[in-house]
Amino acid sequence: MKILSVVEATNVNAVAKLVLDFYRTADEVSRAQDNLPTIKGSIVTFDRAASDASPNDFIAAVHAAGIDLDIIPERGPFDLSVIPALKNVVSKRQPEIIVTNSVKSHFVMWRSRLWKKYPWVAFHHGYTTTDRKMRLYNRFDRFSLPRADLVVTVCNAFARELTTVARLRPEKLRVQHNSIRAAPPAAVADVRAWQERLGISNDQQVILSIGRLSKEKAHAELIEALRLLCAANPDLNVKLLIVGDGAERDALKAAVQAQGIAERVAFAGQVKDVQPFYAMADVFVLPSHSEGSPNVLLEAMAARVPVVATSVAGIPEIVENEKSALLVPVSDPAALAAAIKRALKNSDLTERLSEEAAAVLATNHTAEKYVDALIKIYEEAISRNPGATQ
């Protein structure tokens, strides 16, 4: 099966990682199982710095994975010259199916009219409203997604949203939660180095949060929950570790200072390897207002770190309250603080949550099951477009 994946990324973000892991796992699985087709994958991406000597992190990762790559230079976010360039790439690669992975890629695919000739699967990972450009991109989906043969989204909550926002017919929608490949454990030296760098002592309990620093991730509410937790429990020796970067960074640092808890919070910034942070964490917290099938949740489950999260969108489709995680209402710092306290003070509870979460992961979210599910979806999309010519 010849697949062309259109990926917009400058680093190995969650979407880019899923695409790279899919091709890696598909190759491993097809070698081990005769009943699965051999996947011949290639990737096309857009690059505004294509003339620079050094490639961005995503391009470097694709090269390191040995995957065929085409790079389309672009001059800005609305550079329509990428459309004929994409047509040229498709003509060269002659895929059996084209897979797009973000709002902009969906729009470019729609405008190119390549969907008239090639089967098309569009992935929907959720909407963000971080700036005017993204809000405009999101509106494009109502024009582009209905033209796809199938649309894959990461949770049932998003599928319901797409029937209204993008006017998609339910029969075109498929729900597939994300998967995860097991990561090697962090080296002890790396964990210690980060502890020293961030001022985390061995006797401190670590509350970990990983994600983009944007409003919908609700780090401000997590900081307020920490303030409430420390005020009510002065005996707790805890530190909140926030890993990631984004538009809200300065506002969050200002909030920490204003609330007088600067010594209780450490900002690690954007990092490539998050495994050392899971290794030092006592509880992982995901306070978001909206999530689909968050990779960080799956990573915490794989690392056997107990999870406290908001019960929003796709999260309760993955973990069950009081069984594999502690789930709280959205925008409720007091409830968040209470759940974090339970996780920090009850080792029997957290051991049970972690064990059950690991079992859920092994049953529902392995990379092998993900590959098998996507191949079936791709085969269905190809069968829905029998007039396509390659």
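The values are calculated or read from the model by the stated rules, or taken from the named source; none is laboratory data. Since this is a predicted model, take the numbers as computed values, not measurements. Virtual Cβ from ideal backbone geometry, glycine too; neighbours counted across all protein chains shown.
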(1) modelled with pLDDT of 95 or more; (2) in a helix (DSSP H, G or I); (3) in contact with a His (Cβ under 7 Å, 6 or more places away or on another chain) all hold for S144 apart from (1)
Which pairs do you get when a residue that is touching a residue at least 40 places away in the same chain (Cβ under 8 Å), found in segment 143-158, comes within reach of a residue that is hydroxyl-bearing (S, T, Y), reach meaning Cβ atoms under 8 angstrom, with the pair 6+ apart or on two chains? A148/T100; V154/S293; C155/S293
Would a scan of segment 213-227 turn up a residue that is of a type in the set (V, I, T) and either within 18 Å of G126 (Cβ to Cβ) or at pLDDT below 95 (or both)? no
In segment 324-361, anything surrounded by 14 or more Cβ atoms within 10 Å (Cβ to Cβ), part of a loop (DSSP other than H, G, I, E, B) and of a type outside the set (S, T, N, Q) is listed as V330, D332
Extreme residue, modelled with the highest pLDDT, among residues of segment 60-94 that are in contact with a Pro (Cβ under 9 Å, 6 or more places away or on another chain) and not in a helix (DSSP H, G or I): I71
Output the residues belonging to segment 17-45 that are among the small types (G, A, S), more than 18 Å from V90 (Cα to Cα) and surrounded by fewer than 21 Cβ atoms within 10 Å (Cβ to Cβ). S30, A32
Collect the residues in segment 109-132 that are β-branched (V, I, T), in contact with a helix residue (DSSP H, G or I) (Cβ under 7 Å, 6 or more places away or on another chain) and at pLDDT below 95, keeping them in residue-number order. T128, T129
Restricting to segment 272-304, what's the tally of residues that are touching a Cys at 6+ places or on another chain (Cβ under 9 Å) and under 24 Å from Q204 (Cβ atoms)? 0
Residues being touching a strand residue (DSSP E or B) at 6+ places or on another chain (Cβ under 6 Å) and within 30 Å of K215 (Cβ to Cβ): count how many of those fall in segment 110-128. 3
Whether any residue in segment 274-285 is without any contact (Cβ under 8 Å) to a residue 40 or more places away in the chain, aromatic (F, W, Y) and not assigned by TED's automatic domain parsing to the domain that holds A159 is what I want to check. no
Take the residues of segment 304-323 that are touching a residue at least 40 places away in the same chain (Cβ under 8 Å) and either assigned to a strand (DSSP E or B) or of a type in the set (G, A, S) (or both): which is nearest to P276 (Cα to Cα)? V307
Hits in segment 254-280 (condition: over 27 Å from D57 (Cα atoms) and outside any strand (DSSP E or B)): A254, A255, V256, Q257, A258, Q259, G260, I261, A262, E263, R264
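Matching residues to (1) of a type in the set (G, A, S); (2) buried (at least 18 other Cβ atoms within 10 Å of the Cβ); (3) in contact with a Gly (Cβ under 8 Å, 6 or more places away or on another chain):
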{"site": "T164", "(1), (2), (3)": "no, no, no"}
{"site": "L168", "(1), (2), (3)": "no, yes, no"}
{"site": "A186", "(1), (2), (3)": "yes, yes, no"}
{"site": "R192", "(1), (2), (3)": "no, no, no"}
{"site": "Q205", "(1), (2), (3)": "no, no, no"}
{"site": "L229", "(1), (2), (3)": "no, yes, no"}
Kindly check whether there is at least one residue in segment 210-226 that is closer than 21 Å to V330 by Cα and in a strand (DSSP E or B). yes
Would you pick out the residues in segment 233-252 that are closer than 24 Å to S311 by Cα and either part of a loop (DSSP other than H, G, I, E, B) or modelled with pLDDT under 95 (or both)? G244, D245, G246, E248
Among (1) surrounded by fewer than 18 Cβ atoms within 10 Å (Cβ to Cβ); (2) in contact (Cβ under 8 Å) with a residue 24 or more places away in the chain, D250 falls short only on (2)
Does N202 meet the test of being free of Cβ contacts under 8 Å to residues at least 60 places away in the same chain, assigned to a loop (DSSP other than H, G, I, E, B) and of a type in the set (S, T, N, Q)? yes
